[in-house]
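See structure below.
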């Protein structure tokens, strides 16, 4: 082997050793720099672990909340059809004059006519709408949503609900008759001065507070008898109450007949003026009790007027 070849191998060997030393030195420098960086910022390294733990713990309740809300949402979805089923349907749109009511009790019986003697042909269930068409005394003709027409007693309809959501009420038919009365006939007993008096009367009602009344009365005294009649205008300011006061004024005729046993007595025939105050009470069906106190003025002559006081109590019938 030549000297030149031996030198070449020595150079290659030296180059290999140098390359290995350079690589090992670079690796040691990189590792030392990393350890120095970790030692210089320990907070960053320690904070990363709690952050990861916090993220994990936050994620866990979110997952649990989602899991818990799933049954609640399912329950709400199941309850929605039940609530919709229990809610009453909207009232049907029909005649503007008729009134619709909702059945609130378990059922309402519809009969073929206005009376308990008529058979039941249909039973309206709860949450069913009825349309009231006609009233006959305490019975009402109603129409169901599917067109069935029957009669229902007032007591059952009073359990229904109106479209406004309130309980349906009906005024007593007897009170309706009393408020709509026109003609009235009555009789009464009392005292004219100190003598017994009987009278009958009839009246016609023009409006709620004004009526015209005609009265005929007789007084049978010890020494004479008296006939009288008068026509009064009657004012009844609270005529819509069952107990109602009234006032009246009127004109008429007064005639007094002395007993034949009295010598020289003369018949008195005079014009009559009246003023009365009284009270009436509607106590049952078409009957009314009446009591009044009256002042009678008999115009015997142009210079002479005789006054009489009277009170009566009686009963009247209206239609």
Item to check | Cα gyration tensor of region 99-170 - equivalent ellipsoid semi-axes, whole Å, descending | outcome: 17, 13, 11
Checklist entry - How many nm separate the modelled label positions at residue 306 and residue 158, each set 7 Å beyond the Cα in the direction of the Cβ? => result 5.5
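Computed over the Cα atoms of region 97-247, what is the ratio Rg over Rh, Rh following Kirkwood?
1.24
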Checklist outcome for this item: For the pair residue 198 and residue 235, the simple spin-label estimate (label points 7 Å beyond Cα toward Cβ) gives in nm 3.4
Item to check | Calculated log₁₀ intensity ratio I(q)/I(0) where the Debye formula runs over C-alpha points of region 178-318, q = 0.09, 0.21, 0.22 Å⁻¹ | outcome: -0.29, -1.25, -1.35
Checklist entry - Taking 0.36 nm per intervening residue step and subtracting the Cα-Cα distance, what contour gain separates residue 275 from residue 135 on full extension? => result 46.3 nm
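FYI, it's all coordinate maths here, none of it is from the lab. Model, not experiment: these values are computed from the prediction. Every residue, glycine among them, receives a Cβ derived from its backbone with ideal geometry; neighbour counts consider all protein chains shown.
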